[in-house]
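Here, each number is a calculation from the coordinates, and none is a lab measurement. None of the values given here were measured: they were computed from a predicted structure. Note that we place each Cβ from the backbone using ideal geometry, even for glycine, and neighbour counts take in every protein chain shown.
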Amino acid sequence: MGQPWESWDHVLKIDPDKDLVDGDTYDDVVATGTDAIEVGGTLDVTEDKMTRVIDACRRYDVPLYQEPSDPTVVVDDDALDGYLVPLVLNAGHPFWVVGAHKEWVRLDDVDWDRTTLEAYIVLNPEASVAQLTEANCEQSVDDVAAYAEVAEHMLNQEIVYVEYSGTFGDTERVAAAADATDDATLFYGGGVHDYDSARTMGEHADVVVVGDLVHDEGAEAVRETVEGAKDA
Ligand code: 1GP
């Protein structure tokens with residue numbers, strides 16, 4: 001049987017350190033039609049904040065995944081469909097490639113049946129994730145393609161994630177990652193803010209991830225991105 005993300009077009013990523021916009025509820029968030037919710041952020045995430053979002057989402061049918069930014073914030077909760085765990089291919093420090101993962105395995109009984117890695121290629125140097133992981137974001141189109149191929153064929157990754165968090169990325173690099181992968185599911189995230197931007201990236205990536213928009217503009221704006229990703 002295939003993995004759930006193979007049929008997704010759109011993921012909404014909720015940052016536990018940020019609020020919904022005034023007037024929005026989690027009913028509105030789920031009504032956007034997104035295929036899955038990922039709970040995760042880079043800065044000031046705690047287990048408590050994670051749990052608050054998971055609690056708010058637990059009564060809905062939408063698939064719910066935690067994206068832990070480090071081993072200390074992993075929440076063990078049946079409401080979660082699973083864990084999508086970043087591995088930053090172009091991190092400047094090995095902690096973000098395998099070190100955090102080793103610590104997690106050392107400290108916890110990892111639920112392997114519900115745990116999948118996301119092989120990130122981080123490309124916006126201004127993003128918190130780039131700074132935290134000391135990512136080398138100067139990657140040519142060929143570099144990005146090579147990283148994507150390494151992820152799938154050397155590291156057997158099921159998910160390759162081109163990450164421009166906070167800014168709309170370069171379609172040529174996203175297309176190159178798409179061309180370089182065969183069976184892996186390609187996620188794209190960064191700066192998707194309306195129907196057209198979602199559709200544009202959805203034409204290359206399998207899954208369009210939307211993050212800040214839900215905290216800045218709200219659920220109605222996210223709904224448009226769902227439509228764009230689905231029409232692509
Ligand atoms: C962040 O890829 C996601 O990890 C989405 O990025 O917040 O820019 O939408 P944005």
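Collect residues whose amide H, placed 1.01 Å from N in the peptide plane, falls under 5 Å from the amide H of residue 167; neighbours closer than 5 in sequence don't count.
191
For residue 115 and residue 194, calculate 0.36 nm times their separation in residues minus their Cα-Cα distance, and state this gained length in nm to one decimal.
Between residue 115 and residue 194, full extension yields an extra 25.4 nm.
Distance in nm between label sites at residue 154 and residue 93, each 7 Å beyond Cα in the beta-carbon direction?
2.3
Considering the dipole of the chain built from charges on the beta carbon (Lys and Arg +1, Asp and Glu -1) around the Cα centre, which of 201, 23, 136 is farthest to its positive end?
136
Under a point-charge model restricted to the Cβ atoms of Lys and Arg (+1) and Asp and Glu (-1), what is the dipole moment magnitude of the range 4-231 relative to its Cα centre, in debye to the nearest 20?
360
With n ≥ 4 as the cut-off for DSSP H runs, can you work out [θ] at 222 nm for the chain, using -39500 (n - 2.57) per run divided by the number of residues, rounded to the nearest 500? Walk me through the intermediate numbers first.
Numbers: 9 runs with 76 residues, N = 232.
-9000 deg cm²/dmol, from helical runs alone.
Which length gain, in nm to one decimal place, applies between residue 52 and residue 217 when the Cα-Cα distance is subtracted from 0.36 nm times their residue separation? Write out the running numbers ahead of the final one.
On the way: separation 165, 0.36 × 165 = 59.40 nm, distance 2.09 nm.
Full extension of this stretch gives 57.3 nm more.
Rounded to the nearest 0.05, what FRET efficiency do residue 81 and residue 21 give with R0 = 45 Å and r taken as the Cβ-Cβ distance? Could you check?
Given R0 = 45 Å and the Cβ-Cβ separation, E is 0.95.
Relative contact order, percent, of the chain when contacts are C-alpha pairs under 8 Å separated by at least 6 residues?
Relative contact order of the chain: 21 percent.
From Cα coordinates alone, what are the radius of gyration and Dmax values for the chain in angstrom?
Calculated on Cα positions, Rg and Dmax stand at 16.2, 47 Å.
Calculate the spin-label point distance for residue 72 paired with residue 6, positioning each point 7 Å from the Cα along the beta-carbon direction, and give it in nanometres.
In this crude spin-label approximation the distance works out to 3.8 nm.
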